[in-house]
Amino acid sequence: MVISGAGNCLAETLTIEKTLIIPKFVIADNVELGGISDLISFSDKTFYIITDRGPNGKIQTPEGKFRNLLSPEFKPRIYKIFWNDYYEKFLLADVEFIKGVNGLCTGKPNSVKVKKILNAEGTKAITPDVDGVDPEGLVLKSNGEFIITEEYGPSIIYNDTGKRYTPLNQHRDNRGFEAVALSADEKYLWTMLQSPIREEDKTIPFIIFNMQTGKIDRRINYKLEQDTVDGKICCMRRYDMLDNVLVLEQSDTTPAKLFLFNTKNEKKELFASLENILPEMANDIAEGATETTGLKLEGMDFLPDGRIVIVNDNDFDEDKNNCLWILNVD
């Protein structure tokens, strides 16, 4: 592949090979599958997906506007899905819940440090749950263990044991660990916050987390594009054996783009813009949609042959699809 600097016309071109809609299976009481935050691919037909904390919104109260959980008892979970050619749709193959200290994790806030979140009616604050999580990133080790990053802590969770690490104390509310990748030797976890710690900044902490010691080995400042307003990191994956990661950025004002970032020399290069395929992606999410910014593209992985898979988060909105796009890199 030809890799070029940001703004160079030699950057890669992406095309949509196929769009697969993930059905809205009923997965809990009155909750349909949605809120997908990340995925892991095994082939172009078999994937793991992870949900976030569950249906939520914002509600106006006499004290102001607050986020509220519409199903406070919802338990985030990991699903294995596979494409069935006969039925021409995805089917559910397996489910795994997220383990905590006292049992299975819920989507409730996990400490009083999280800004107050209300119940569905907006009448009272939800009591923090030590096992509360808002999952955003998912990787799978070669031994079959899932590692999850979540926003509340922001935390890193080893799902086999439920052990949780919170290596970074500073972050904006609802902007915790978003993107995650695993080093080739599986000794290090690379993770980033969704947004800068201060809204006016253009740099985001990139954490090199030592999986053996449970501590940060190195902290890097990842620079967002300067022309973005409220730029966000969506997801990332290890690109090669040379410590490069592929990072997806998006904002409410600029088209989503993929960047190569080297974790050793901290060099960032444009890989591809999604601008040419965003209108089709927007229409896949909601028929007739024309807005191509802020699409909540939240998960990404590579297929064994180098094609890229991206999934969006529909926020459990019944009027929007969760889509899985398989992209060719031309």
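The values are calculated or read from the model by the stated rules, or taken from the named source; none is laboratory data. These numbers come from a predicted model, not from an experiment. As a convention, Cβ positions derive from the backbone with ideal geometry for all residues, glycine included, and neighbour counts pool all protein chains shown.
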Residue 292, sole failed condition from (1) of a type in the set (S, T, N, Q); (2) touching a strand residue (DSSP E or B) at 6+ places or on another chain (Cβ under 9 Å); (3) within 22 Å of residue 35 (Cβ to Cβ): (2)
Tabulated pairs, the range 49-68, first closer than 30 Å to residue 94 by Cβ and buried (at least 16 other Cβ atoms within 10 Å of the Cβ), second β-branched (Val, Ile, Thr) and modelled with pLDDT under 95, C-beta under 6 angstrom, 6+ apart or interchain: none
Top-ranked residue in the range 273-330 [being closer than 24 Å to residue 180 by Cα, part of a loop (DSSP other than H, G, I, E, B) and of a type in the set (Gly, Ala, Ser); ranked as modelled with the lowest pLDDT]: 294
Flag if residue 111 is at pLDDT below 95, among the small types (Gly, Ala, Ser) and either on the phi < 0 side of the Ramachandran plot or not in a strand (DSSP E or B) (or both): yes
Per-region count, the range 30-44, residues surrounded by 14 or more Cβ atoms within 10 Å (Cβ to Cβ), out of contact with any Asp or Glu (no Cβ under 6 Å at 6 or more places or on another chain) and not aliphatic (A, V, I, L, M): 5
Residue that is modelled with the lowest pLDDT [pool: residues in the range 152-201 that are within 20 Å of residue 268 (Cα to Cα) and exposed (fewer than 14 other Cβ atoms within 10 Å of the Cβ)]: 201
Within the range 206-252, strands (runs of 3 or more DSSP E) holding 2 or more residues that are crowded, with 19+ Cβ neighbours inside 10 Å and out of contact with any Lys or Arg (no Cβ under 7 Å at 6 or more places or on another chain): 232-238, 244-250
Subset of the range 17-29 that is surrounded by fewer than 17 Cβ atoms within 10 Å (Cβ to Cβ) and among the hydrophobic types (A, V, I, L, M, F, W, C) - its residue that is modelled with the highest pLDDT: 21
Odd one out for residue 125 among (1) modelled with pLDDT under 95; (2) touching a strand residue (DSSP E or B) at 6+ places or on another chain (Cβ under 7 Å): (1)
From 85, 134, 94, residue being surrounded by 13 or more Cβ atoms within 10 Å (Cβ to Cβ), closer than 28 Å to residue 48 by Cα and charged (D, E, K, R): 134
